[in-house]
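Below is one structure, written out as structure tokens; the observations come after it.
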There are 2 protein chains.
Amino acid sequence: MVRKTKEEAEATRLQIIEAARRVFLECGVGSTSLEKIAAAAGVTRGAVYWHFKNKTDLFFAMREDAVLPFLDRVVFDAEANDPLGGVEHALQEIIRILVDQAQTRETFEILAFKCEYVGEFSSMKGCTAGQMDFLGMLTDAYRRAAAKGQLRLPADPEMLAYDTFLFVGGLIKHWISSTPDERFRTDAERFITQHVALRRA
Amino acid sequence: MVRKTKEEAEATRLQIIEAARRVFLECGVGSTSLEKIAAAAGVTRGAVYWHFKNKTDLFFAMREDAVLPFLDRVVFDAEANDPLGGVEHALQEIIRILVDQAQTRETFEILAFKCEYVGEFSSMKGCTAGQMDFLGMLTDAYRRAAAKGQLRLPADPEMLAYDTFLFVGGLIKHWISSTPDERFRTDAERFITQHVALRRA
DNA sequence: TTTTATACAAACACGAATGTATGTAAATAG
DNA sequence: CTATTTACATACATTCGTGTTTGTATAAAA
């Protein structure tokens, strides 16, 4: 029919990604047909197959779209003279992202509860590279905190990092699966504050 | 064909459940057909539909089969005079169950990574009743520990319980998705010991 | 300006999964 | 010992999703 300009084509590509996120969230990745996504995006399967190789390709495109802004915002300042405060700040920032970035929150919910890690997906089942990066950054931050005498002794920075890493994993999972009035959401900030306070000298 | 006795019928029922667990683990719940399960169990779909209403029914039967032994083993002794040690013991017991109860471990892996919580499954997406029980038992244990002066001050038992609850959630998830040589498995006991030590007065 | 590649829509062909219905031999009830 | 129910296997009908192919109006390239 009417051929679109490059800009319009890119717009429909984004429409498809957004529609996929909505439908994945509601129906699960496995039981979502490309027909449903196409309908939700106001196009036909032809458009979906034009922009994406198949459902898996579309899934990973949707994932990139939401994970990249996440990596930008969660950072540890290696120069600051309050490394422990930096850890707390980074964790609080994660919660803030979940609060105000709907696409990131929804994508995390899809990744955690609406997706089966099998076949092509099994590669990212456990720790992604990004997650291990986060663990490494936590370790570095605790090492700097230890060097500044901020940590309660005896303290092994690496072990503390694992403890925090596991805490954050659980927190994100339960935050996502909660309703806004449940304590995992209402008290998330306090949980973080207390978690870090347990380490303070 | 040959009609089986009641005992034989119950045996094939268990065969089907075990086959379902294997196939769910390999293929994911959503993309597992009842034909695959039947073949893996050495029966036909007729047998599956005889014993279970449909795939969802079979899934929940498999879940019960593995979760019940779990609840029996993870307990907090309310009478002991070392509540904090009881917490550590209970957490270590969880890891021991994952190590030596293959069916429980595999079922947890299915629940965490091979299942989409949508439709009939969405009810158990977040915290099951059993999980909230566990949180309550943790809180009670920390309260008793506080009463005995075992906790480092200032300490809010309930907040400590949430911190531990989130830690355990992350630990189970990462333990399950790890290979036996990865640190989440090799060092799980140390993580627990250190986690509890952080609270000790 | 002509040509070509683009951005889809529409139609087609195929397999796969589901639920049900039917058949049946043997266990069990009476 | 007969009648009935059980514990499946087998066959059937139908729906649904996928990947591909074809058609086409138009934007962009030459």
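The values are calculated or read from the model by the stated rules, or taken from the named source; none is laboratory data. All values reported here derive from a predicted model rather than from experimental measurement. Every residue, glycine among them, receives a Cβ derived from its backbone with ideal geometry; neighbour counts consider all protein chains shown. SASA here: full protein model, heavy atoms, side chains in, ligands and nucleic acids out. Shrake-Rupley method; radii C 1.70, N 1.55, O 1.52, S 1.80 Å.
A few comments on the model shown:
- Positions within the stretch B:1-55 being more than 10 Å from DNA strand D (Cβ to nearest atom) and among the hydroxyl-bearing types (Ser, Thr, Tyr), in sequence order: B:SER31, B:THR32, B:SER33
- The single condition among (1) free of Cβ contacts under 8 Å to residues at least 12 places away in the same chain; (2) open to solvent by 50 Å² or more (accessible area, probe 1.4 Å) that A:ALA11 does not satisfy is (2).
- Positions within the stretch B:113-138 being over 21 Å from A:THR179 (Cβ atoms) and part of a helix (DSSP H, G or I), in sequence order: B:PHE113, B:MET137, B:LEU138
- In the stretch B:96-123, the residues that are among the aliphatic types (A, V, I, L, M), in contact with a Phe, Trp or Tyr (Cβ under 7 Å, 6 or more places away or on another chain) and within 13 Å of chain A (Cβ to nearest Cβ): B:ILE110
- Matching residues, the stretch B:163-183, being surrounded by 21 or more Cβ atoms within 10 Å (Cβ to Cβ) and facing chain A (nearest Cβ under 8 Å): B:ASP163, B:PHE165, B:LEU166, B:PHE167, B:VAL168, B:GLY169, B:GLY170, B:LEU171, B:LYS173, B:HIS174
- Number of residues in the stretch A:78-99 that are farther than 11 Å from A:ARG144 by Cβ and acidic (Asp, Glu) equals 2.
- Of all residues assigned to the stretch B:155-167, at least one qualifies as being under 21 Å from A:ALA188 (Cα atoms), of a type in the set (Phe, Trp, Tyr) and in contact with a Lys or Arg (Cβ under 9 Å, 6 or more places away or on another chain).
- Scanning the stretch A:56-92 for residues that are surrounded by fewer than 17 Cβ atoms within 10 Å (Cβ to Cβ) and either at positive phi or within 11 Å of DNA strand D (Cβ to nearest atom) (or both) yields a total of 2.
- All of A:ALA145, A:ALA161 fail the test of being part of a helix (DSSP H, G or I) and in contact with a strand residue (DSSP E or B) (Cβ under 7 Å, 6 or more places away or on another chain), apart from A:ALA145.
- Of residues in the stretch A:14-41 being more than 14 Å from chain B (Cβ to nearest Cβ), of a type in the set (Gly, Ala, Ser) and away from DNA strand C (no atom under 11 Å from the Cβ), the one surrounded by the fewest Cβ atoms within 10 Å (Cβ to Cβ): A:ALA40
- Of all residues in the stretch B:83-93, none satisfies being part of a loop (DSSP other than H, G, I, E, B) and out of contact with any strand residue (DSSP E or B) (no Cβ under 6 Å at 6 or more places or on another chain).
- Every residue from the stretch A:1-37 that is closer than 12 Å to A:HIS51 by Cβ, charged (D, E, K, R) and modelled with pLDDT of 95 or more: A:ARG13
- Boolean, A:LEU166 is modelled with pLDDT of 95 or more and under 19 Å from the mean Cα position of the chain (by Cα): yes
- Hits in the stretch B:34-62 - residues which are outside any loop (DSSP other than H, G, I, E, B) and of a type in the set (Lys, Arg): B:LYS36, B:ARG45, B:LYS55
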